[in-house]
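A short worksheet on the structure shown next.
The values are calculated or read from the model by the stated rules, or taken from the named source; none is laboratory data. Fair warning: this is a prediction, and the values are worked out from it, not measured in the lab. Here the Cβ positions follow ideal geometry from the backbone for every residue, glycine too, while neighbour counts run over all protein chains shown. Surface accessibility is based on the protein's heavy atoms, side chains included, excluding ligands, DNA and RNA. Shrake-Rupley method; radii C 1.70, N 1.55, O 1.52, S 1.80 Å.
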Amino acid sequence: MLLLSRPTRIALALILCTSTLSLFAKSKEKDPSVKVVDSGKFGIFVSGNRVGTESFTIEQTATGSSTHCDLTIDQNGSKIEQRSDMQLAANGDLLHYEWKELSPGKASSVVAPDDKFLIEHLYSGEKSKPFDRPFLMPASTVILDDFFFTHRELLAWRYVGMSCKPNEPQCDMPKTKFGGLVPHTASPILISIEYKGQEKIPIKGADMLLRRFDLDVDGVAWSMWMDDSYKIIRITVPENNTEVLRD
């Protein structure tokens, strides 16, 4: 069971009002004002060595949310640069997703709803014609592209928002399953997420009391620790010795 203090309830209310989970009371307003919900950088570590950085910005928009991520990985002399942009409706449904590989190759993909399913347009080069691949998956499908850890934060917000109302002092958050898609590999996935309670863990030499969420992504175990504002502070993927820390 998740216990919410008054400051935390206020923080959660703000998140639910400004993230992909919000229902905008003034959705008919023409003013497309934008508010930053979260932004920053994640350091990516493998076996204790920093190999990459993900820079991200999550914004509230007039229709829902917009998330931009820039990824750079430099490991064993090989440099990878990728970028992603995702627009979600106020209820979390996908409106548009675009992934680009900038280095070492040139490739991109676009995912968007088409009637009652998703369709992905895959481009193998800058001037290539797209190869279209349909998925019999609804717009509510969770996008979890490889390397973009910000997508996990959006998933956690959605999970909390499904179980907790802003004015509730406490709420139950049972293990929940979602259908997902990894766009740049065109792979459907099955995701489960569960709230495990609060833990005190060392972060950069100081103990922090954080909220732990465990994920299972197609049989691969992840753990995420979030602060009282439900922003990711740490992620671990023990199977491949990966750790992600907010800078």
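Data overview
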{"item": "Subset of segment 139-159 (residues that are in contact with a Phe, Trp or Tyr (Cβ under 7 Å, 6 or more places away or on another chain) and part of a loop (DSSP other than H, G, I, E, B))", "result": "Asp145, Phe149"}
{"item": "Some residue of segment 160-176 being in a helix (DSSP H, G or I) and at pLDDT 95 or above", "result": "no"}
{"item": "Residue in segment 169-189 that is touching a helix residue (DSSP H, G or I) at 6+ places or on another chain (Cβ under 6 Å) and either of a type in the set (Asp, Glu) or closer than 23 Å to Ser55 by Cα (or both) present", "result": "no"}
{"item": "Any hit, segment 55-72, residues being over 15 Å from the mean Cα position of the chain (by Cα) and at pLDDT 95 or above", "result": "yes"}
{"item": "Residues (open to solvent by 20 Å² or more (accessible area, probe 1.4 Å), within 19 Å of Asp85 (Cβ to Cβ) and not hydroxyl-bearing (Ser, Thr, Tyr)) located in segment 113-134", "result": "Pro113, Asp114, Ile119, His121, Leu122, Glu126, Pro130"}
{"item": "Residues satisfying the stated conditions in segment 84-94, i.e. surrounded by fewer than 17 Cβ atoms within 10 Å (Cβ to Cβ) and either free of Cβ contacts under 8 Å to residues at least 12 places away in the same chain or over 14 Å from the mean Cα position of the chain (by Cα) (or both)", "result": "Ala89, Asn91"}
{"item": "Residues of segment 204-217 satisfying the condition of being touching a strand residue (DSSP E or B) at 6+ places or on another chain (Cβ under 8 Å) and at pLDDT below 95", "result": "Lys204"}
{"item": "Cβ pairs under 7 Å, 6+ apart, first in segment 127-147 and farther than 15 Å from Asp115 by Cβ, second among the polar types (S, T, N, Q) and open to solvent by less than 60 Å² (accessible area, probe 1.4 Å)", "result": "Asp145/Ser84; Phe147/Gln82"}
{"item": "Looking only at segment 177-197, and only at residues there that are open to solvent by 10 Å² or more (accessible area, probe 1.4 Å) and not in a strand (DSSP E or B), the one that is farthest from Phe45 (Cα to Cα)", "result": "Ala186"}
{"item": "Out of Ser192, Ser140, Ser187, sole residue that is over 25 Å from Thr236 (Cβ atoms) and in contact with a strand residue (DSSP E or B) (Cβ under 9 Å, 6 or more places away or on another chain)", "result": "Ser140"}
{"item": "Test result for Gly105, modelled with pLDDT under 95, crowded, with 18+ Cβ neighbours inside 10 Å and not acidic (Asp, Glu)", "result": "no"}
{"item": "Count of segment 96-113 residues which are farther than 12 Å from Ile143 by Cα, of a type in the set (Ser, Thr, Tyr) and touching a residue at least 24 places away in the same chain (Cβ under 8 Å)", "result": "2"}
{"item": "Residues within segment 224-245 that are in contact (Cβ under 8 Å) with a residue 24 or more places away in the chain and open to solvent by less than 10 Å² (accessible area, probe 1.4 Å), tallied", "result": "6"}
